[in-house]
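**Student:** Would you mind keeping the following structure in view while I ask a few things?
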Amino acid sequence: MVVSVNEIRKTFLDYFAKNGHKVIPSSSLVPDNDPTLMFTNSGMVQFKNILAGNETRDYTRATTAQKSVRAGGKHNDLDSVGYDVRHHTFFEMLGNFSFGDYFKDYAIPYAWELLTKEFCLPKEKLAVTIYHNDDEAHNIWKKVSGLPEDRIIRIATKDNFWQMGDTGPCGPCSEIFYDHGPEVWGGLPGTPEEDGDRYIEIWNLVFDQFEDLPDGSRINLKRPSIDTGMGLERIAAILQGVHSNFETDMFQHIIKAIADLANTDPNGPLKASHNVIADHLRAICFLIADGVLPSNEGRGYVLRRIMRRAMRHAYLLGVKDPMIYKLLPVLQKEMGEAYPELYARENLIKETIAIEEERFGRTLDKGMRLLDEEIADLPKGSKLSGETAFKLYDTYGFPLDLTQDALKSKDIEVDVEGFDACMERQKAEARKNWAGSGDAGVEKVWYGIQDKCGATEFLGYNTLKADGEIKALVQNGQEVSSVTSGKFELVANQTPFYGECGGQVGDIGVITSKDFTAKVVDCKRKLDNVFVHVCELEDGTVKVGAFANFEVDETNRSRICANHSVTH
Ligand code: SER
């Protein structure tokens, strides 16, 4: 009998629970403890302050199944989805963590026992890599697994040195590979054929020893720790005896629902489109459930791009009416038990997708026709003009990467420089109009700030407390780089503070860091999407570029909510 994805997740968590690990729920896809990270991209993100030694909890061993998105920021797999069978925009990462408790001496034996005893994988099918100078890991692997020397491979590249992002805990790692058999093309890690699909990485054991700081330096962690990550979709493919992640039970049920709705053959020539929709559906629903809404900036724009890519594939299946929102029930059935937010946020998810499908559906057809006409005479290997790509973007809502994705199979690229030039021209035009609109000089400050920093990401649908990076400070109508006293205005890259734009009162609360405390007496939105915290400095010095904690006054928020609809 085939063991289901849901059972595999449980076996993993049970194994580590049995070995003294506390089972911790997945954190949100929007990291509230890191202003530099676009999405939670692995299991360690919610523990990063513990790993760094800045926070302790009442446990030193944890295990999780973590929702992860790699579609923006340092780890971005978006362009691989649909072109191979093992990358996803959204995936579940199974992990075990030690916070200064055990190190390599236990992490390696645990991994080996789980794989070979609980999951019963044959030793001959496994190979591991280690960082080139990590003799300690080499010796433990040799003793525990008895793998021959040529299956404990030393790698000197960054593939075996894991970093969460530009800052944060990091260290050498050891990856475990599964051999899908000689009938699949590919070679062992470190060989010229390593990018083939034969040897697939299934588990990464990170030996966290260092921390990268914002100033670019690397320091030793106070307590060496362990962070591991196993892709649930990949291990499921192996345990279910299939090569493609899309052939596992969970994906097959979703793909069947897509084919039923579209009345298509999921294994016919449009197989890849079924896979892409199934993949993107999960990212879309989980991102919305965690409070990300489609927009033209930041996280919201990544979501919009994923949604519109999925919609183009639905269009390729011949479906002209909104259909993706109708797939929520099958996803709930597959994943709703493990992730109840799919039920709790049902209406928000369904409505958000339906509205976006409705909106983009109006221009998708026209844009696709224009694209087809434009490329009709273009030979393979040529470029689509930047003007056309920009027109598709500006008039028909085609994100650049959607156009690029649409042309990939035709071997046509987009003139990205030409596209950027059009974008720049349009911005300059808007700036000129704005400058001439006659508003008071002080407002110009916000225009410059918006130009430089982009829109603020609003996190307040889901949390009242989050870290943010200070992007701009304004005092007496002038942009300044630091503030040492008095009233000022502060803009960050993200905030849980609700900013009012109609002259009413926004959230109040505090912004703190180790260097200052500021009271937030109001929060306003300028130019629609720049959230401006109106502050009074209580002590210390605030500087542009610093990280701080933003905390909304909960009682006041409830009062605002009673009057306006802040939350969905
Ligand atoms: N952080 C590591 C990874 O994502 C292990 O969890 O691969």
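The values are calculated or read from the model by the stated rules, or taken from the named source; none is laboratory data. Computed from a predicted model, the values in this text were never measured in an experiment. Ideal geometry is used to build each Cβ from the backbone, glycine not excepted, and the neighbour counts take in all protein chains shown. SASA here: full protein model, heavy atoms, side chains in, ligands and nucleic acids out. Shrake-Rupley method; radii C 1.70, N 1.55, O 1.52, S 1.80 Å.
**Student:** Quick one: the Cα spread of region 315-366 along its three principal axes, in angstroms, biggest first?
**Tutor:** Answer, in whole Å and largest first: 40, 20, 10 Å.
**Student:** Moving to a separate point now. Which three lengths, in whole Å and largest first, does region 321-442 cover when its Cα atoms are put on their principal axes?
**Tutor:** Computed over the Cα atoms, the extents are 53, 50, 24 Å.
**Student:** Quick one: Cα convex hull volume of the chain, Å³ per residue?
**Tutor:** For the chain, the hull spanned by Cα atoms encloses 169 Å³ per residue.
**Student:** Please work out the FRET efficiency for the pair S513 and D321, using the Cβ-Cβ distance as r and a Förster radius of 35 Å; give the result to the nearest 0.05.
**Tutor:** Details: r = 50 Å, r/R0 = 1.43.
Result of the calculation: an efficiency of 0.10.
**Student:** When you have a sec, figure out the Kirkwood radius of region 370-512 from all distinct Cα pair distances and drop it here in Å to one decimal?
**Tutor:** Final number for the Kirkwood radius of region 370-512 is 18.7 Å.
**Student:** Over the chain, average the accessible area per residue using a 1.4 Å probe and give it in Å², no decimals.
**Tutor:** Roughly 43 Å² per residue, with all protein chains present.
**Student:** Would you mind listing how long region 240-280 runs along its three principal axes, going by Cα atoms, in whole Å with the largest first?
**Tutor:** 28, 18, 17
**Student:** By average Cβ neighbour count within 10 Å, what is the ranking of 36-45, 219-228, 181-190 from highest down?
**Tutor:** My ranking of the peptides, most packed first, is 36-45, 219-228, 181-190.
**Student:** So what is the relative contact order for the chain, in percent, with contacts set as C-alpha pairs under 8 Å and at least six apart?
**Tutor:** In percent, rounded to a whole number, it is 10.
**Student:** Where both partners of a DSSP beta bridge lie in the chain, what percent of those bridges are antiparallel, to the nearest 5?
**Tutor:** Of the beta bridges lying entirely in the chain, close to 85 percent run antiparallel.
**Student:** Assuming 0.692 mPa s and 37 °C, estimate D for region 261-321 with Stokes-Einstein, Rh taken as the Kirkwood radius over Cα pairs, in µm²/s.
**Tutor:** Numbers: Rh = 12.1 Å.
D, rounded to a whole number, is 271 µm²/s.
**Student:** Restricting the calculation to Cα positions, tell me the Rg (one decimal) and the Dmax (whole number) of region 49-140 in Å.
**Tutor:** My reading of the Cα-based Rg and Dmax gives 16.4, 44 Å.
**Student:** Once you treat every alpha carbon in region 211-351 as an equal point and sum by Debye, what is log10 I(q)/I(0) at q = 0.11, 0.21 Å⁻¹?
**Tutor:** Once normalised to I(0) and log-transformed, intensities are -0.51, -1.29.
**Student:** May I pose another question? How big, on average over all directions, is the shadow cast by the Cα convex hull of region 157-279, in nm²?
**Tutor:** Average of the hull's projected areas for region 157-279 equals 10.2 nm².
**Student:** Out of the GluC sites (Glu not before Pro) in region 323-355, which ones are loop residues according to DSSP with at most 12 other C-beta atoms within 10 Å?
**Tutor:** Those that pass, being in a loop and sparsely packed, are E337.
**Student:** Packing-wise, with mean Cβ within 10 Å as the measure, how do 381-391, 114-124 rank, highest first?
**Tutor:** Top of the packing list down: 381-391, 114-124.
**Student:** P(r) tail for region 55-102, what percent of Cα pairs lie past 14 Å? Write out the running numbers ahead of the final one.
**Tutor:** Working: 694 of 1128 pairs.
Tail of the P(r) past 14 Å holds 62 percent of the pairs.
**Student:** Taking every pair of Cα atoms in region 1-116, average 1/r, invert it to obtain the Kirkwood radius, and report Rg/Rh to two decimals. Please report the intermediate quantities before stating the final value.
**Tutor:** Numbers: Rg = 15.3 Å, Rh = 15.5 Å.
Rounded to two decimals, Rg/Rh equals 0.98.
**Student:** Per the 1.4 Å probe, what fraction of the accessible area of region 349-462, in percent, lies on carbon and sulfur atoms?
**Tutor:** 48
**Student:** Taking the Cα centre of the chain as origin, sum charge times position over the Cβ atoms of Lys and Arg (+1) and Asp and Glu (-1), and report the length of that vector in debye to the nearest 20.
**Tutor:** On the way: 65 positive and 87 negative charges, 131 e Å.
Dipole size: approximately 640 debye.
**Student:** So how much slack lies between S295 and E351, counting 0.36 nm per residue of separation and subtracting their Cα-Cα distance, in nm?
**Tutor:** That works out to 18.7 nm of additional length.
**Student:** At 1.4 Å probe size, with the rest of the protein present, what percent of the exposed accessible area of region 68-210 is carbon and sulfur atoms?
**Tutor:** On region 68-210, the fraction of accessible area on carbon and sulfur atoms equals 48 percent.
**Student:** How much length, in nm to one decimal, is gained on full extension between A156 and T395, taken as 0.36 nm per residue of separation minus their Cα-Cα distance?
**Tutor:** 81.3 nm
**Student:** Assuming R0 = 35 Å, can you tell me the calculated FRET efficiency for the pair D539 and A430, based on Cβ-Cβ distance, to the nearest 0.05?
**Tutor:** 0.30
**Student:** Quickly rank 233-240, 294-301 as a protection proxy: mean count of other C-beta atoms within 10 Å, highest first. Please list the in-between numbers first.
**Tutor:** Details: 233-240: 22.5, 294-301: 18.0.
So the order, starting with the most tightly packed, is 233-240, 294-301.
**Student:** I've got another one for you. Per the Cauchy relation, a quarter of the hull surface: what is the mean projected area of the convex hull of the alpha carbons in region 462-553, in nm²? Can you show the working numbers first?
**Tutor:** Details: hull surface 21.2 nm².
The orientation-averaged projected area of the Cα hull of region 462-553 comes to 5.3 nm².
**Student:** Next up: Subtract the Cα-Cα distance of E118 and K408 from 0.36 nm times their separation in residues, and report this length gain in nm to one decimal.
**Tutor:** 100.2 nm
**Student:** While we're looking at this one, here's another question. Simple spin-label model, 7 Å along Cα-to-Cβ: K366 to L527 in nm?
**Tutor:** In this crude spin-label approximation the distance works out to 2.8 nm.
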